[in-house]
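S.K.: First the structure, then my questions, so here it is.
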Amino acid sequence: MAALPGTPGLLAGIRTLPDGTTTTSTENPDGSRLVQAVGNGGSPDLGHNPTWSPDGSRLAIQNAGGFVITYAPNLTGWAALDQGGEGEPAYTADGADIISATSDLTGGYLQYSPANWNEAQHQGQGDQQPWLSTRTGGNDSSPTVSAKSGAVLFQHDANGASDIWTDHGNRTGGLLIADGTEPDVSPDGSTLAFVRPVGGFSQLFLQAADGSGSASQVTSGSVNHTYPKWSTDGLSIYYNANPGTDYQSTVGHHLVLASKADTLTPNGLAWVQQQPLPAPTPPAASTFHSTGPTRLLDTRDGTGTLAAGAVPAGTIVPLQIDGAAGIPLAGVTSVVLNVTVADTTGPGVLSVWGDATARPTTSNLNWDKPGQLISNLVTVPVPADGEVDLSANSTTDVIADVQGYYTADSTGATFTSEAPTRILDTRSALGTPAAGQVTNNTISVKAANANGVPADATAVVLNLTTAPTASSAGFLEAYPEGGAAPTVSNVNWSSAGALLSGLAIVPVGADGNVSIKVNGTTDVVADVFGYFTSGTAGARFTSAGPARILDTRESGGPLAGGHTLALQVTGTNGIPAGTTSVVLNLTVTGNSDAGFLEAWADGTTRPAAASNVNWVAGQTIPNQVIVPVGADGKVDLYVNSTTQVVADVFGYFSS
């Protein structure tokens, strides 16, 4: 299946390590997001001949012991098909079986096993059967499968000759093309790439996959060109180049057939095959499942990564969502994460997006100096492979805590927005017995059956603000009352005097309350923006974006203090009329005085006491908001201090 333009699949290939061993690695075609595979013991997997399942969800490799191993691209779900003696795996067109090459005393032949087989679950036994109904009398290897016809093509060696044979789609072997090795059929099933010797060197050829017509040579020169593999769009070929026979000298190449442009594969990846991607499905209206905050990623200690350490600028960090922390293995449409950067090395921005999709030009988190600890809530589409990607343009540690996820069914909760209402302010004793800053203590806040939130609310949407901090560092944790503090954060600060806001979706305790634990010293403000309930009475979420719908730096100039901007949201980026609330990431920048921003539904009264973004002078700061939309499809943005304002849309709620 071909990848769509702008959404190229990952490259799986082999990297040769300094000690001469090899390991399977995956990367984006531009060389970013390089992930080196390790086996269950933590050492390099020593893999060869990687191949993707038709849906791109799993890799199969041949390891050093002659096992065929399968695993997910995020290095989970490892399974061995048997106890050894097979290699060169290829999935059948439906993905149900894996064909491999093996041998016995009479020669080499093709066999197959169920793709989901795991010999560890069957007392170490495999389930291999011969693929062809009758042995060919030679040595068979290098199987490739036509996604169009299901036919299996393979290399057949006999009597000193190497030819390409086919199973004719009915498992009976026969000659297809004479004088050829290492066949690979194009994604549309029309063309075969293969290797043929010319003047003492191996060259790449193309010919009709049914064997008709003549072969055309596409490479030349005094270099061996081997192991051709089609790109998923069928427009180019990945191959190996080697001046001799030493595998350590093998170099991966990418050849665009139309232009003849030939470039090296990034990071020394060879034996490359590109991940097929299913066509994206339109965003679906989804219901919410609260998980409570759970840490999925922390590069400081290696949680969710292969090794601990700050993420270099520009590096993409893949994060598995499906199957993590109780999240289903499939069916997740979006995930809600609280993302934090720690120990920043300079100003920067961080973006989060669905893996195998084009990287957005929008940002989720911004910071303006080294040594910062800052967080923001993000709502990210989850693609078919179940991963999201994170990348910053400045070296930093990255932390991600999951708060919940959405599924395209009615099993979760629906959302009801309400006009922003302040339910906690320790400065004025609102929601607390007495006014005053809180130090290393927990605040109980009445959430359900109060302030317009019904008694059956399962979670509330709160905007939490430190107002301001007194300790030099600290963080807030919000969680259902009656439960243990999760030891993960919602709002973080790294200096005294910080004025920071963070959106949180907090499960409600059995008593209708939520707990806010203060680690450090600060005043705390909480504004409620809506709630989730079981059933279908509320609105469902649909992902839309990320897309930038406002940037006063490019049009209109800074929003003056004391002024309101009406922002049209329906009709932009697919947001339909009838939308009840919109999910925005609002960023303020280019300011010279402290201030705050409020967002609410156009055509309604500005909230008397609530805020969405707070800042100190000269600060660039983002915050995610869930804002009711007016009957005219607009939301209002008010600032009390002049600043530039940026708004990126991530989705919407509709009944």
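The values are calculated or read from the model by the stated rules, or taken from the named source; none is laboratory data. All of these numbers come straight from a predicted model, not from anything done at the bench. When we count neighbours, we look across all protein chains shown, and the Cβ atoms used for this are built from the backbone with ideal geometry, even at glycine. What goes into the accessible areas is simple: the full protein's heavy atoms, side chains included, and nothing from ligands, DNA or RNA. Shrake-Rupley method; radii C 1.70, N 1.55, O 1.52, S 1.80 Å.
S.K.: Above 26 angstrom, tally the Cα pairs of segment 418-551 and express them as a % of all pairs, no decimals.
M.R.: I get 24 percent for the Cα pairs in segment 418-551 exceeding 26 Å.
S.K.: Shifting gears a bit: Considering the dipole of segment 112-191 built from charges on the beta carbon (Lys and Arg +1, Asp and Glu -1) around the Cα centre, which of Pro187, Ser162, Trp131 is farthest to its positive end?
M.R.: Trp131
S.K.: Skipping prolines and chain starts, which residues have an amide H placed within reach, meaning under 5 Å, of the one on Gly348, given they are 5 or more residues away or on another chain?
M.R.: Hits under the 5 Å cutoff: Trp367, Asp368, Lys369.
S.K.: Okay, next question. Return the sequence-ordered ³J(HN,Hα) values of segment 244-249 in whole Hz as given by the Karplus equation 6.51 cos²θ - 1.76 cosθ + 1.60 applied to θ = phi - 60°, using x for Gly and Pro.
M.R.: My calculation for segment 244-249 gives x, 10, 6, 4, 5, 8 Hz in order.
S.K.: For a quick check: with amide H placed at 1.01 Å from N, whose amide H comes under 5 Å from Ser334's, ignoring anything fewer than 5 positions away on the same chain?
M.R.: Val382, Tyr406
S.K.: Now for a different question. Which of rounded, prolate or oblate describes segment 243-323 when judged by the alpha-carbon gyration tensor and an a/c cut-off of 1.5?
M.R.: Note, shape of segment 243-323 comes out oblate.
S.K.: Moving on. Please list 176-189, 374-387 highest first by mean number of surrounding beta-carbon atoms within 10 Å per residue.
M.R.: With the highest mean Cβ count within 10 Å placed first, the list reads 374-387, 176-189.
S.K.: Using a 1.4 Å probe on the protein chains only, how many percent of the accessible area of the chain belongs to carbon and sulfur?
M.R.: Answer for the chain is 52 percent, counting heavy atoms of protein chains only.
S.K.: Next question. Determine ³J(HN,Hα), in whole Hz, for all residues of segment 67-79 in sequence, where each value follows from phi through the Karplus function 6.51 cos²θ - 1.76 cosθ + 1.60 and θ = phi - 60°; x replaces Gly and Pro.
M.R.: Karplus values, whole Hz, x for Gly and Pro: 7, 9, 10, 10, 6, 7, x, 8, 6, 10, x, 5, 8.
S.K.: Can you grab the distance from the C-alpha centre of segment 184-207 to the C-alpha centre of segment 242-292, Å, no decimals?
M.R.: Each part's Cα centre sits 20 Å from the other's.
S.K.: Could you work out the pair-distance distribution P(r) of segment 367-483 from its alpha-carbon pairs, with 5 angstrom bin width and percents rounded to whole numbers?
M.R.: Once binned at 5 Å, the Cα pair distances of segment 367-483 give 2, 7, 14, 17, 18, 16, 13, 9, 4, 0, 0.
S.K.: In whole angstrom, how far apart do the alpha carbon centroids of segment 565-622 and segment 435-475 sit?
M.R.: If you average the Cα positions of each part, the centres end up 21 Å apart.
S.K.: What order, most packed first, do the peptides 312-325, 634-647 have when packing is the mean number of other Cβ atoms within 10 Å of each residue?
M.R.: 634-647, 312-325
S.K.: From largest to smallest, what semi-axes in whole angstrom does segment 473-569 give when each is the square root of 5 times an eigenvalue of its alpha carbon gyration tensor?
M.R.: Working through the eigenvalues yields semi-axes of 30, 23, 12 Å.
S.K.: Quick one: 3J(HN,Hα) in Hz for segment 419-436, Karplus 6.51/-1.76/1.60 with θ = phi - 60°, rounded, Gly and Pro as x.
M.R.: Ordered by residue, 3J(HN,Hα) equals 4, x, 9, 7, 10, 8, 7, 5, 5, 10, 6, 6, x, 9, x, 8, 6, x Hz.
S.K.: How about Lys369: which aspartates and glutamates have a C-alpha closer than 16 Å to its C-alpha, ignoring those fewer than 8 places off in the same chain?
M.R.: The qualifying aspartates and glutamates are Asp343, Asp397.
S.K.: Have a look at Ile61, Gly211, Thr642 and report the one farthest towards the positive end of the charge dipole of the chain, computed about the Cα centre with Cβ charges (Lys/Arg +1, Asp/Glu -1).
M.R.: Of the listed residues, the answer is Thr642.
S.K.: May I pose another question? Peptides 149-156, 567-574: what's the order by average Cβ count within 10 Å, highest mean first?
M.R.: 149-156, 567-574
S.K.: Along each of its three principal axes, how wide is the spread of alpha-carbon positions in the chain, in whole angstrom units, largest first?
M.R.: Extents along the principal axes: 92, 53, 48 Å.
S.K.: Moving on to the next point. What distance in nm lies between label points placed 7 Å from Cα along the C-beta direction at Ala496 and Thr106?
M.R.: 8.6
S.K.: Quick one: length gained pulling Asp511 to Gln568 fully straight, 0.36 nm per residue minus the C-alpha distance?
M.R.: Contour length minus the Cα-Cα distance gives 16.6 nm.
S.K.: Provide the per residue accessible area, probe 1.4 Å, for the chain, rounded to a whole number of square angstrom.
M.R.: Value returned for the chain: 37 Å² of accessible area per residue.
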